[in-house]
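One structure is given below, encoded as structure tokens.
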Amino acid sequence: MVHLTTHDAPVVVVGAGIAGLTAAAELGQAGIPVVVVEARKRIGGRIVSQRDEVVGHAIELGAEFIHGLPPEILTRFQKSEIEEVEGQSWCASDRGLSPCSFFSEVDSILNAMDDSLPDESFLDFLERRFPNPSGDTRLEEARRRAIGYVSGFNAADPGLVGVHWLVAEARAEEKIQGDRAFRPSHGYAQLVDMLCQQAARHGVLIQTGTVVANIVWKAGRAQVKAHGGSGPFVLDASQVLITLPISILKTSQQPGSVEFLPPLPKDKIAALDKLEMGKVIRIVLRFRHRFWDTIRVPGEGATLSDMSFLFSENELFPTWWTSLPKKEPLITGWAPFRSAERLSGKDEGTMVQSALETLSRLLRVDMRQVEGWLDAAYVHDWQSDPFSRGAYSYGKIGANAAQKVLASPVAQTLFFAGEATDTSGNNGTVHGAMASAHRAAKQIIAARDQANETTGSGHALDAPA
């Protein structure tokens, strides 16, 4: 039996994604012993940055954009270390390529969402507020584009995502100029490295390749039972910070799932049921040159050299974007929601072929040329990733209180962080995950201070059997 004072027992952080690393660095800086356990053999969670040595550019297979000007991220970077996304948005349809002109119509639909009314799914809202019995073609296109935006940006099922949650998201974006998009100049790996260095300076131990099987807990003490390369082991802790995606918390008896003994309280389970994990597959294609630079659009008097985004209604890869303002021969394909469901589980070669066929069709370039120009492809199927099982969270009908419930500690022993637990409306973002980590770190520090004041620094607590 292990005897540790509350002051001496470490905090165990489950998950070395951006929330876990942020919280660990902050707790370490406060002088608290911290052990981070990560199931993957890498750190970063849903940040997956690879460096393409040919072009010297970060290949992002997870988080890529900084949405707006969130202080959680911008305080970590100098101005020279971020770049704003520039360029023009083009649309591809059966009529060919044209500058996108649907944004105002979509904004009119989205701005009509009202959280003072009873909550409903986005599809139900669309049918109620913007019916189209006469089949007006312009309205119908606006409806389709609005559905495409909701399912694309949030990787969400428009028949499940709640209007109240979407409104909260829009308000949060407005506060930080969320209509603007930026990238870390050297990729999100730079942020991960910063946090790891900060954590290391304060003695935080990060153990990768360590899969947590269960967490046995009672008030004031927990045991984290895990297995790694050297076999099974147990970590005794005074507090455990869980930063796992909701898809993992909602699963059981599957690779990556964690069992809580005793089970989590009923309000936590109910809150998890109000949230869903978005689906997405990302593919980044590197070509020998930016062949789209020379594609001249009939009737527009312009080429696609300034193309930042390409929108379509393609069933597999409806959205694409380039590396602008950097002019690298890279283009990223985004397969959200239903598109991801169609592709998930297929082998990488099949997904690359589907992406090339889609790009050939949208840009109206001969498939043999597109194939011949391809130099490399990077793919990540987030649904098939056993430690993510999806992209990021979104709220279903009646979900707005769910984040607050998830953010609440259990018996001052179990704590929760991660983008799904952010209560500011920034779910699904890196800065939302970081904000949740700051909140959780403060909760843990307060709990430890209170416990030490109550028990006295020399009073030992028995770990659970």
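Of the residues examined, Ala411 is not one that is over 21 Å from Val258 (Cα atoms), among the aliphatic types (A, V, I, L, M), surrounded by fewer than 23 Cβ atoms within 10 Å (Cβ to Cβ) and out of contact with any Lys or Arg (no Cβ under 7 Å at 6 or more places or on another chain).
For the stretch 77-136, enumerate the residues that are in a strand (DSSP E or B) and among the acidic types (Asp, Glu). I'd like the intermediate steps shown before the answer.
Our first condition is that a residue be in a strand (DSSP E or B); within the stretch 77-136, this holds for 82-84, 88-93, 96-99, 121.
Within the stretch 77-136, Glu83, Glu84 meet the criteria.
Filtering the stretch 171-203 to residues that are hydrophobic (A, V, I, L, M, F, W, C) and open to solvent by less than 20 Å² (accessible area, probe 1.4 Å) leaves Ala172, Phe182, Leu191, Val192, Leu195, Ala199. At least 3 residues being farther than 19 Å from Thr413 by Cα is the threshold, and among the strands (runs of 3 or more DSSP E) wholly inside the stretch 181-287 those reaching it are 181-184, 205-207, 231-237, 275-277, 280-287. Taken residue by residue, the stretch 389-397 has no member that is under 18 Å from Ser151 (Cβ atoms), charged (D, E, K, R), part of a strand (DSSP E or B) and open to solvent by less than 40 Å² (accessible area, probe 1.4 Å).
A count restricted to the stretch 63-76 and to residues that are open to solvent by 10 Å² or more (accessible area, probe 1.4 Å) and closer than 29 Å to Ala377 by Cα stands at 4. Please find, within the stretch 285-298, the residue that is most open to solvent (accessible area, probe 1.4 Å) out of those that are out of contact with any Gly (no Cβ under 8 Å at 6 or more places or on another chain) and in contact (Cβ under 8 Å) with a residue 60 or more places away in the chain. That would be Arg288. Residues of the stretch 422-452 being assigned to a helix (DSSP H, G or I), open to solvent by 10 Å² or more (accessible area, probe 1.4 Å), in contact with a helix residue (DSSP H, G or I) (Cβ under 8 Å, 6 or more places away or on another chain) and over 17 Å from Glu64 (Cβ atoms), which ones? Ala435, His438, Arg439, Ile445 - these are the residues of the stretch 422-452 that are assigned to a helix (DSSP H, G or I), open to solvent by 10 Å² or more (accessible area, probe 1.4 Å), in contact with a helix residue (DSSP H, G or I) (Cβ under 8 Å, 6 or more places away or on another chain) and over 17 Å from Glu64 (Cβ atoms).
The values are calculated or read from the model by the stated rules, or taken from the named source; none is laboratory data. All of these numbers come straight from a predicted model, not from anything done at the bench. In this analysis, Cβ positions are derived from the backbone assuming ideal geometry, glycine residues included, and neighbour counts consider all displayed protein chains. What goes into the accessible areas is simple: the full protein's heavy atoms, side chains included, and nothing from ligands, DNA or RNA. Shrake-Rupley method; radii C 1.70, N 1.55, O 1.52, S 1.80 Å.
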